[in-house]
Amino acid sequence: MVGSLTASEEAQLLQTIEMFEVITQSQPHDYQSLEILKEAYFKLGRQKDVVNTSKQIAQAYVQLGQLSSAILEYETILQRYPDDPDVLGALSEIESKATSLNTLPTMDAEASPKAAAGKGRARAGGKGADEIDDGQQAMHKIFVEGKIISSADFDSCWPVQNSSEEAGSIAEPFIQILADRQLVPLDQSLKLLCDKSRLGYLLLERYDIDMELARTFARDVCQRWCVVPFDRMSKSVLVATANPFNKQATRELESAAHGRLLWYIAPPADLIKVLRKIFR
């Protein structure tokens with residue numbers, strides 16, 4: 001596998017591995033980052049690392065209650081290593097856990113978050129189908145209901161989209177505004193968002209951004225939501241943001257992505273600096 005790669009491709013893969021090893025060490029349940037690591041190891045022919053990472057992915061799925069996904073990951077390993085004791089033991093534990101769950105009068109672990117979200121939308125009732133969901137409600141719950149800032153401070157800091165805003169300007173993320181007004185330190189906001197969204201944290205300034213990929217996305221979309229599509233791995237596009245609950249940004253990017261979006265949280269200053277470099 002390594003012999004078919006150019007020196008540039010190999011160097012890029014090694015950089016990817018270095019970056020995402022750091023992410024997964026601090027966030028071991030970030031299965032998106034683990035998937036990226038696994039693919040990079042595979043392309044470099046590092047089979048032992050591929051298997052070990054597959055086991056980590058399966059363990060992450062178990063911790064998140066996604067048992068069927070964990071089973072599929074383990075079975076992929078067994079196709080090549082049918083007697084792997086770690087995998088056989090883990091599958092036995094999952095079987096026991098699944099049996100005990102089936103005896104409880106609850107929803108399936110993987111279906112419940114979606115069902116709960118559906119009920120929440122039904123209860124809300126007030127939102128129109130075409131209303132923009134820019135993450136304001138989720139952020140309000142974290143920062144106001146979490147008693148970090150007052151409702152008045154939230155309203156004064158939340159960025160309002162303005163269609164007449166100067167073209168080419170980059171919207172300043174909410175957490176940066178909080179930090180600028182000395183309401184919530186940036187590090188605290190970033191940690192909160194990573195914990196609540198379960199997304200990986202990325203120091204974007206240290207990443208070798210795929211500029212050509214980024215420029216395939218609409219300038220106004222990236223600047224309006226302060227998001228950076230920074231790399232592609234297989235059929236997935238990696239995107240950095242400071243607002244992981246912005247569903248409108250997801251919708252607007254998906255049409256140009258031609259694949260799944262994998263989101264990461266990055267410092268606002270990094271996002272703004274990179275966007276200015278991409279769209280000069």
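The values are calculated or read from the model by the stated rules, or taken from the named source; none is laboratory data. Note that the structure is predicted; figures quoted are calculated from it, not measured. Note that we place each Cβ from the backbone using ideal geometry, even for glycine, and neighbour counts take in every protein chain shown. Side chains included, ligands, DNA and RNA excluded: accessible areas come from the protein's heavy atoms. Shrake-Rupley method; radii C 1.70, N 1.55, O 1.52, S 1.80 Å.
Do you know which of the residues in the range 254-278 that are in contact with a Ser or Thr (Cβ under 9 Å, 6 or more places away or on another chain), at pLDDT below 95 and in a helix (DSSP H, G or I) is surrounded by the fewest Cβ atoms within 10 Å (Cβ to Cβ)? Once the filter is applied, the top-ranked residue is A256. Exactly one residue among S197, S189 is at pLDDT 95 or above, closer than 23 Å to I272 by Cα and surrounded by 15 or more Cβ atoms within 10 Å (Cβ to Cβ), and that residue is S189. Set side by side, the residues P173, P159, P105, P85 differ, and just one is of a type outside the set (V, I, T), modelled with pLDDT of 60 or more and loosely packed, with under 12 Cβ neighbours inside 10 Å, which is P85.
Restricting K97, K43 to those that are surrounded by fewer than 18 Cβ atoms within 10 Å (Cβ to Cβ), basic (K, R) and either modelled with pLDDT of 85 or more or farther than 30 Å from Y207 by Cα (or both) reduces the list to K97. The one condition from (1) surrounded by fewer than 23 Cβ atoms within 10 Å (Cβ to Cβ); (2) modelled with pLDDT of 95 or more; (3) within 17 Å of the chain's Cα centre (by Cα) that R251 does not meet is (2).
Listed by first and then second residue, the pairs linking a residue in the range 11-32 that is within 12 Å of Y207 (Cα to Cα) and in a helix (DSSP H, G or I) to a residue that is among the hydroxyl-bearing types (S, T, Y) and open to solvent by less than 60 Å² (accessible area, probe 1.4 Å), with Cβ atoms under 6 Å apart and 6 or more places separating them unless they lie on different chains, are F20/S33. Those helices (runs of 4 or more DSSP H) of the range 138-248 in which 2 or more residues are acidic (D, E) occupy 151-157, 186-197.
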